[in-house]
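S.K.: Handing you a structure now.
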Amino acid sequence: MNFSRQTLLGLAMMVGGGVVLFAMVQQVGTSNQANAPEPTAIEQSASASSENGQPLTTDVATEERILAQKQKEREARVAQQERRTKEFLAEQEQAEAAALAKARAENEQYMNNNAVEPVGDETSPEVAASVIAKPTVQARTEGAATTTATPTPTTVKPAVTTTKNDDAVKKAAEQKAAAEQKAAADKQAQQRAAEQAKAKQNEQVKTQQAAADKKKADELKAEQKRAEQKQAEQQKAEAAKAAPKTPGSYEVKRGDGLIRLAREYNVPVAALAQANNMNTSDSLRVGQELKIPSQSQISRLEREAAEEQRRAEAAKTAQQRLVQARQEAARGEAKGSFGVQVALADNQAKADEVAKKLRSAGYKVSTSPTSRGVRVIVGPETGKPAALALKDKINGDSRTGIKNAWVLYWR
């Protein structure tokens, strides 16, 4: 069959346009190919003409016009396919969101009821609601009648499957477990904080109570001490009021006597007499100055009086023994001569002073120079018993002032 150049050129353009159209349709996606609209009347006639081997037209201008119209139709179809794809994707996202919301609601119900309700199948109302009808596509051709193609509704399965629901349930359970764990940890932290605060408060209360108790005890102790001091002062005042005055000296008035003054000043009669170098039987003169001894002086005078009494008794006993010993010596019962050394003076003058004091008390005294000093000796006495009795008499005699005499062999 012979074809003109115009016919061949038209055929080539048609083949090239079909190739371009096929590539564009392939880019939309395999899923959109099933939903592609049926060919228009022009395409059907063109295809039929090609199959019959008849040229589409014999005019190049007409062929170009047809090709331009086809190009517009292809662009319109591509745009419509893209719009429908976007609508489908939006519907798909809405379905997934609804399924996810349902899964979350079911998960919450499961967590509340401790059971998971079964997931609905494709025949459930949720699946039935997911049947999406494709929109009606209208293809327009320039100068031709409008052809309307209504595609068959397509059933779309839910985007979220049972596995997704299980994952969502698991994830929700993990989130709830984490939330419960966090709530428990927060509760424990709050309890610990409350316990620490309570312990700190108790410690503060104990500290304050201890401080209050200590303060109260200190106040009680201070009050008790003040009471004791007040009582002591009262007792002292009462004692001072009751006790007689004890001046250092007293001028004797008419009618005074040692016994009355001793009773008035609460001192022993002997101590009052001893403080004034008197005997208890001595009488007082008007205008005479008397020393009133203090308590310490009274104690000292009493000790001295007791010592004097002891020495006097010792001297009396020694005098009796001395008399007896001398009687025995006179009968010849004692042998040897013994003396009583009463002092060892540094020089003769001091020895003479001691000897003078002893002679005035009635003792027989002699001195004897030695390499260590001058001896002052009382005696001698025949027999050692008489010398020992003389020693005790000298030590007990208050007139001599000697307390450490000792016996030595005379010759």
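S.K.: Expressed as cubic angstrom per residue, what is the convex hull volume of the alpha carbon set of the stretch 317-393? Numbers along the way, then the final one.
M.R.: Numbers: hull volume 6.0 nm³, N = 77.
Measuring per residue, one finds 78 Å³ for the Cα hull of the stretch 317-393.
S.K.: I would also like to ask the following. Can you list the lysines whose alpha carbon is less than 27 Å from that of Lys170, not counting same-chain residues fewer than 8 positions off?
M.R.: In chain and number order, the partners are Lys102, Lys157, Lys182, Lys187.
S.K.: Under the rule of at least 5 residues apart or a separate chain, name every residue whose amide H is placed under 5 Å from the amide H of Ser337.
M.R.: Long-range HN contacts for Ser337: Gly383, Trp410, Arg411.
S.K.: Now for a different question. How many percent of the accessible area of the stretch 244-374 is carbon or sulfur, using a 1.4 Å probe?
M.R.: Details: 4030 of 8470 Å².
Summing carbon and sulfur atoms, their accessible area is 48 percent of the total for the stretch 244-374.
S.K.: Just to check I understand the Karplus step: with θ = phi - 60° and J = 6.51 cos²θ - 1.76 cosθ + 1.60, what whole-Hz values come out for the stretch 210-219, glycine and proline as x?
M.R.: These are the phi-based 3J(HN,Hα) values: 4, 5, 5, 5, 5, 4, 5, 5, 5, 5 Hz.
S.K.: Probe of 1.4 angstrom, ligands and nucleic acids ignored: what's the accessible area per residue over the stretch 190-339, in square angstrom? The partial results should precede the final answer.
M.R.: Values: 11570 Å² over 150 residues.
Result: 77 Å² of accessible area for each residue.
S.K.: How big is the Kirkwood radius of the stretch 164-236, worked out from every pair of different alpha carbons and given in Å to one decimal?
M.R.: Numbers: mean 1/r = 0.0560 Å⁻¹.
Roughly 17.8 Å, rounded to one decimal.
S.K.: Another one. So how strong a dipole does the stretch 215-333 carry about its Cα centre when Lys and Arg Cβ are +1 and Asp and Glu Cβ are -1, to the nearest 20 debye?
M.R.: On the way: 23 positive and 18 negative charges, 45 e Å.
The dipole magnitude comes to about 220 debye.
S.K.: Over 25 Å apart: what share of the alpha carbon pairs of the stretch 244-368 falls there, rounded to a whole percent?
M.R.: Details: 4079 of 7750 pairs.
Summing the P(r) tail past 25 Å for the stretch 244-368 gives 53 percent.
S.K.: Let me ask something else. Rank-order 265-276, 293-304, 222-233 by packing density, defined as the average count of other C-beta atoms within 10 Å over each peptide's residues, highest first.
M.R.: 265-276, 293-304, 222-233
S.K.: Let me ask something else. So how much slack lies between Ser368 and Gln309, counting 0.36 nm per residue of separation and subtracting their Cα-Cα distance, in nm?
M.R.: Numbers: separation 59, 0.36 × 59 = 21.24 nm, distance 3.29 nm.
So the extension gain works out to 17.9 nm.
S.K.: Whole-Hz ³J(HN,Hα) for each residue in the stretch 311-316, computed from phi via Karplus 6.51 cos²θ - 1.76 cosθ + 1.60 with θ = phi - 60°, x for glycine and proline: what do you get?
M.R.: 5, 5, 5, 5, 5, 5
S.K.: Where a Cα-Cα gap under 20 Å defines reach, which aspartates and glutamates qualify for Lys215, not counting those fewer than 8 residues away within the same chain?
M.R.: Glu203, Glu223, Glu228
S.K.: Do any trypsin sites (Lys or Arg not before Pro) in the stretch 252-291 lie in a loop, going by DSSP, with at most 11 other beta-carbon atoms within 10 Å of their beta carbon, and if so which?
M.R.: Working: sites: Lys253, Arg254, Arg260, Arg263, Arg285, Lys291; in loops: Lys253, Arg254, Arg285.
Filter output for the stretch 252-291: Lys253, Arg254, Arg285.
S.K.: Counting pairs on different chains as well as pairs 8 or more places apart, how many Lys pairs in the stretch 283-366 have Cα atoms under 22 Å apart? Write out the running numbers ahead of the final one.
M.R.: Working: Lys316/Lys357; Lys316/Lys364; Lys335/Lys364; Lys350/Lys364; Lys356/Lys364.
For the stretch 283-366, qualifying lysine pairs total 5.
The values are calculated or read from the model by the stated rules, or taken from the named source; none is laboratory data. Note that this is a predicted model, so its numbers are computed, not measured. Backbone-built Cβ (ideal geometry, glycine too); neighbour counts: all protein chains shown. With ligands, DNA and RNA removed, areas are computed over all heavy atoms of the protein, side chains included. Shrake-Rupley method; radii C 1.70, N 1.55, O 1.52, S 1.80 Å.
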